[in-house]
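Working notes for the structure below.
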Protein chains: 2
Amino acid sequence: MQEKQYLMIPGPTPVPPSVVAAMSRPMIGHRSEDFAALHRRIQEKIRQVFQTSQEVFILTNSGTGGLETAVANVISPGDRVLALVTGNFGERFANIARAYGAEVDEVNFGWGNPVGLSVVREKLARNPGYKAVLATQNETSTGVLNDIAGIGALVAETPALLLVDGVSGVGGIEIKMDEWHVDILVTASQKAMMLPPGLAMIGVSPKAWAVIEENRSPRFYFSLPAAKKALAKWNTAYTPNVALFFGLDAALDMMLAEGLENVYRRHLLLAKATRAAVKALGLSLLAADHCASPTVTAVHSPGGIAADDLRKVLREEFGITFAGGQGILKGKIFRIAHMGYAGKMDVLTAISGLEMALARLGYPVELGKGVRAAQEVFLGRDV
Amino acid sequence: MQEKQYLMIPGPTPVPPSVVAAMSRPMIGHRSEDFAALHRRIQEKIRQVFQTSQEVFILTNSGTGGLETAVANVISPGDRVLALVTGNFGERFANIARAYGAEVDEVNFGWGNPVGLSVVREKLARNPGYKAVLATQNETSTGVLNDIAGIGALVAETPALLLVDGVSGVGGIEIKMDEWHVDILVTASQKAMMLPPGLAMIGVSPKAWAVIEENRSPRFYFSLPAAKKALAKWNTAYTPNVALFFGLDAALDMMLAEGLENVYRRHLLLAKATRAAVKALGLSLLAADHCASPTVTAVHSPGGIAADDLRKVLREEFGITFAGGQGILKGKIFRIAHMGYAGKMDVLTAISGLEMALARLGYPVELGKGVRAAQEVFLGRDV
């Protein structure tokens, strides 16, 4: 039986049946009253997820399109930008700024490490002219969570805007856009938001709007002023992915029914159990406990076993798909997502599968030991 | 997050996504050429599952309706019937025969035991006038597999017809309708056939047709002659459940793509792993190894723990639904299905959940021990 699959990559993530059902509803016109009502419902709910009183724009493109929207509306050629890089997606954000002509001051904290606030403080103090600071909430490539509240407090004291890639975090990890002084917060549909890919969501602060209105970079599809004008009438500037709007409405209902605090606690619990299991199996985690991502866990493949061989056995024999490493970590790590529509039994599936795949490849694993460590976390016996 | 559910009862079973997609196709008329083509495709495939060269009728009712169809077309008031009972569904089959006026000679082998062939041999020798023998392939209430080949060989030497309830077996456990001398074989959609409830499938031997044509019991919806006349034109006598026909077509494609031998081997492997895990946890199985069902495993709840309390914790805390006991076993056992759309990771989910639920209720369980026993079976290390 080949069909039963356990998708445990950090996006796209599994889509809940109620969301699939919502997306299967008959199509409606995107200039209709029905769509306006749908858009309005979504707006009220997604602001709670972003913890903002500002508008959140729902754009029909991927997360990268969302990041480009942030850059295109803020950066003009020659602008100085501070890019806080902790992995592949931090690098991508910096590259988008370069594509728009920014002079990028890139600080690489090393893959597996978080942003160091003292470095940020020093950089901001020495360079008062930054137009923007680019940061990643949850670095998907390394499973590292960055301290956005800490970065935000520092950037808020400067004229620079804080642009945050929240693609693999928002919806699974708490973020307080307004309180933490995030000026532009971007996320996407296919991660903790439990939807298929195709939508980016972007929140914009008043401080950012002042810059956006002055910006002269070329932009049409990615125009935030156009999006703002349309949203005033519960509309979108260009044709939206209507099915994903149906799905987003349902996914937000699920998240709010669970309660956002519970959603965040669930992700923390799943990460804790995954990490306990990995440690019990004698494997090494890429990120330290104090900066561990609640949504994705990166693990060093043990000596003598190629991460991609392990992933192949998992996929072919057990139907489980883990992500591999990216960039400099390619072939060296595997990543287990516990993001979005994920629960305790998914972690136990991941770990029991991992144990069997390790055994298949000759790693001296004690079967059931990782599972036990995760079970102890779920039972509250891990103290 | 309440929605993620692991349905592990012996029917309805989980429906594969490709089957759900097939059932979502737009409705067609049941007197159309399209329906006739669909019905013909299904007919060619389902005969392979039944291992028969005879027609298999697809009826729009549940499995019980299928059993009643078997009885209604064969039994006339006053007919003598031998009912081989090994649990709740054997009793139901006998009760249906009684409802049609049969004089039922019921042999109860005890819940948890299989049919004893020597008893059948003796009964048939002493009572040459049986019109029919009623047997259950896989007794869902106890997780016992009966020897249909053995029963069939004995019944074939008499004028009696062998009517077999294959509801929780066919599609997951090999059955050779023609070779094993089964005269009427009944199954239903919601078990190993991987569909929602709503269809019964019934195969009829030439020996049975001779009886059916003479039978005068009242029957209209359940008329096999009417079904036969309709099938000659790839039609059905009465309005069929068209969506389930779409689904059956897709489910049969899945089964044949996997290969029926592989389907049966998979079920045997899942049962073996489940039983190994249960034993490793120190729990007691209801059925002995030699008559263990490949599709459902019944387990005695350990002393001091009510089976239904265990099931409640599993359902509420882990989203896992096991079945409880029926009849005299109510409250005493729980039943884990590994039936239809089920794989290795489902067994590991069931066992890791069971371990946690036992721990919650104070049973001295070594977490991970049952999981390890199942993993060893899957890795071929259990010898």
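Since every read-out is calculated from the coordinates, none of them should be taken as a lab result. No experiment lies behind these values; they were computed from the predicted model shown. Every residue, glycine as well, gets a Cβ built from its backbone with ideal geometry; the counts of neighbours run over all protein chains shown.
Provide the net charge surrounding residue B:107, with neighbours chosen by a C-beta distance below 11 Å and charges set as Lys +1, Arg +1, Asp -1, Glu -1. Mind showing how you got there, number by number?
On the way: positive: B:123; negative: B:105, B:106, B:122.
It works out to a net charge of -2.
Say we join alpha carbon atoms closer than 10 Å with springs in a Gaussian network model of chain B; which of B:217, B:293, B:118 then has the biggest fluctuation?
B:118
Within chain B, what percent of beta bridges assigned by DSSP are antiparallel, to the nearest 5?
Roughly 50 percent of the beta bridges in chain B run antiparallel, per DSSP.
Specify the residue with the greatest mean-square fluctuation among A:197, A:12, A:364, computed from a Gaussian network of chain A linking alpha-carbon atoms under 10 Å apart.
In the Gaussian network model the winner is A:364.
If I take the Cα coordinates of region B:339-383 and project them onto the principal axes, what are the three extents in Å, biggest first?
The principal-axis extents, from largest down, are 31, 26, 11 Å.
Of the beta bridges DSSP finds with both residues in region A:113-233, what % are antiparallel, to the nearest 5?
Numbers: 7 of 16 bridges.
Of those bridges, close to 45 percent are antiparallel.
Looking only at the protein assembly as shown, where both bridge partners belong to it, what percent of the DSSP beta bridges are antiparallel (to the nearest 5)? Walk me through the intermediate numbers first.
Values: 42 of 85 bridges.
The antiparallel fraction comes to roughly 50 percent.
Which order do A:104, A:74 fall in if you start with the one that has the fewest other Cβ atoms within 10 Å?
Values: A:104 21, A:74 26.
Lowest count first: A:104, A:74.
Name the nearest-to-axis residue of chain B, judged by Cβ distance to the rotation axis taking chain B onto chain A, and quote that distance in whole Å.
B:368, 2
Can you check what the Kirkwood hydrodynamic radius comes to for region B:80-195, Cα pairs only, in Å to one decimal?
Working: mean 1/r = 0.0719 Å⁻¹.
The Cα-based Kirkwood calculation yields 13.9 Å.
Going by a ≥ b ≥ c, the root eigenvalues of the Cα gyration tensor, does region A:69-146 fall in the rounded group (a/c under 1.5), the prolate group (a/b larger than b/c) or the oblate group? Intermediate values should be presented prior to the final figure.
Values: a/c = 2.33, a/b = 1.29, b/c = 1.80.
In terms of gyration-tensor shape, oblate.
If you bin every alpha carbon distance in chain B into 10 Å steps from zero, what whole percent lands in each bin?
5, 24, 31, 24, 12, 3, 0
So if I place +1 on the C-beta of Lys and Arg and -1 on the C-beta of Asp and Glu, and nothing else carries charge, what would the dipole magnitude of region B:248-383 be about its Cα centre? I want it in debye, nearest 20. Mind dumping the intermediate values first?
Values: 16 positive and 14 negative charges, 81 e Å.
For this selection, approximately 380 debye.
Note down the magnitude of the dipole of the protein assembly as shown about its Cα centre, charges +1 on Lys and Arg C-beta and -1 on Asp and Glu C-beta and zero elsewhere, to the nearest 20 debye. Provide the component values of the computation, followed by the final result.
Details: 76 positive and 72 negative charges, 33 e Å.
With only Lys, Arg, Asp and Glu charged at Cβ, the dipole is about 160 debye.
Could you put B:103, B:55 in order, starting from the residue whose Cβ has the fewest other Cβ atoms within 10 Å? Kindly include the intermediate steps, with their values, before the conclusion.
Values: B:103 14, B:55 18.
The order, fewest Cβ neighbours first, is B:103, B:55.
Among B:38, B:67, B:117, whose Cα projects farthest towards the positive end of the dipole of region B:30-173, with charges put on the beta-carbon of Lys, Arg (+1) and Asp, Glu (-1)?
So the residue we want is B:38.
Using Cα springs under 10 Å in a Gaussian network model of chain B, which residue among B:25, B:315, B:372 shows the largest mean-square fluctuation?
Maximum fluctuation in the GNM of chain B, among the listed residues, is at B:25.
Find out how many positive minus negative residues lie around residue B:317, taking Lys and Arg as positive, Asp and Glu as negative, among other residues whose Cβ is under 10 Å from that of residue B:317. Walk me through the numbers before you get to the answer.
Working: positive: A:344, B:312, B:315, B:360; negative: B:316.
Summing Lys/Arg as +1 and Asp/Glu as -1 gives +3.
Working from Cα positions, state the angle (0 to 90°, nearest 10) between the long axis of helix B:260-280 and the longest principal axis of chain B.
Result, in degrees: 40.
Along the charge dipole of chain B, pointing to its positive end and built from +1/-1 on Cβ of Lys, Arg, Asp and Glu, which listed residue (B:379, B:294, B:12) has its Cα farthest out?
B:12
Nearest 20 debye, what's the magnitude of the dipole of region A:17-257 about its Cα centre given +1 on Lys and Arg Cβ and -1 on Asp and Glu Cβ?
Numbers: 21 positive and 23 negative charges, 99 e Å.
For region A:17-257, the charge dipole is close to 480 debye.
If you take every residue apart from residue A:62 with its C-beta less than 14 Å away from the C-beta of residue A:62, what net charge results, scoring Lys and Arg +1 and Asp and Glu -1? Let's see the in-between values first.
Numbers: positive: A:92, A:191; negative: A:68, A:165.
Charge balance near residue A:62 sits at 0.
Over the alpha-carbon set of region A:240-296, work out the extent along each principal axis and list the three values in angstrom, largest first.
46, 23, 18
Can you tell me what percent of all Cα-Cα pairs in the protein assembly as shown are more than 36 Å apart? Numbers along the way, then the final one.
Working: 152634 of 292995 pairs.
Tail of P(r) above 36 Å: 52 percent of Cα pairs.
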